[in-house]
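Readers should treat all values here as calculations from the given coordinates under stated rules, not as data from a laboratory. The structure presented is a predicted model; accordingly, all values stated were derived computationally and were not measured. So basically every Cβ, Gly included, is an ideal-geometry build from the backbone, and we count neighbours across all protein chains shown.
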Amino acid sequence: MLIEHRVDTKNSNLIFDFNFIKSLNTQILSFLPDSGFVVLQGTTYWTDLFVRHFLFQAEHAIDGDDLLFFVRKKHVKTSSRYLPKFETEVDVFRKDSKKLPIGDPDIDWEETVYLNLVVHQFDYTLTLAICTRTSPKELQVRIIIFDRIRKEF
């Protein structure tokens, strides 16, 4: 009896890349004593991963949706120098936009990869409620349901 097993190469390559960087980070952290210091990523690994898996894929490889999401972290000035605060924004661009923020240092590339993975690869239902005050004591509620079901190619 022959059992055919179809492997999703795109996702398995992406998972392989995730595992590689996580194991590399674990090896680096194992050499550091418990000093409380945080290791900052000084590489372009996550940017390269994003470009390879989301930007340079064929149209059908990322579900036919040409929107790309970028997580931007802006430093917010506070009175504390030692506990920095960041404001997070999500920028959305079409895949063929001339204004893609590739190389932008304010983009959190790891979070950008994860967000695009969820948006483009997982099935989900988004429920949105819009409330409008129609009078001082009444609200009108409109509910919009968006089902995102990935089509297999």
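Remark: pairs (first residue in the stretch 99-114, farther than 11 Å from K73 by Cα and free of Cβ contacts under 8 Å to residues at least 60 places away in the same chain; second residue basic (K, R) and surrounded by 17 or more Cβ atoms within 10 Å (Cβ to Cβ); Cβ separation under 9 Å; 6+ apart in sequence or on different chains) = P101/R72.
Number of residues in the stretch 118-129 that are free of Cβ contacts under 8 Å to residues at least 24 places away in the same chain and within 25 Å of F70 (Cβ to Cβ) equals 5.
Taking the conditions (1) free of Cβ contacts under 8 Å to residues at least 40 places away in the same chain; (2) within 27 Å of N19 (Cβ to Cβ) in turn, K85 satisfies each one other than (2).
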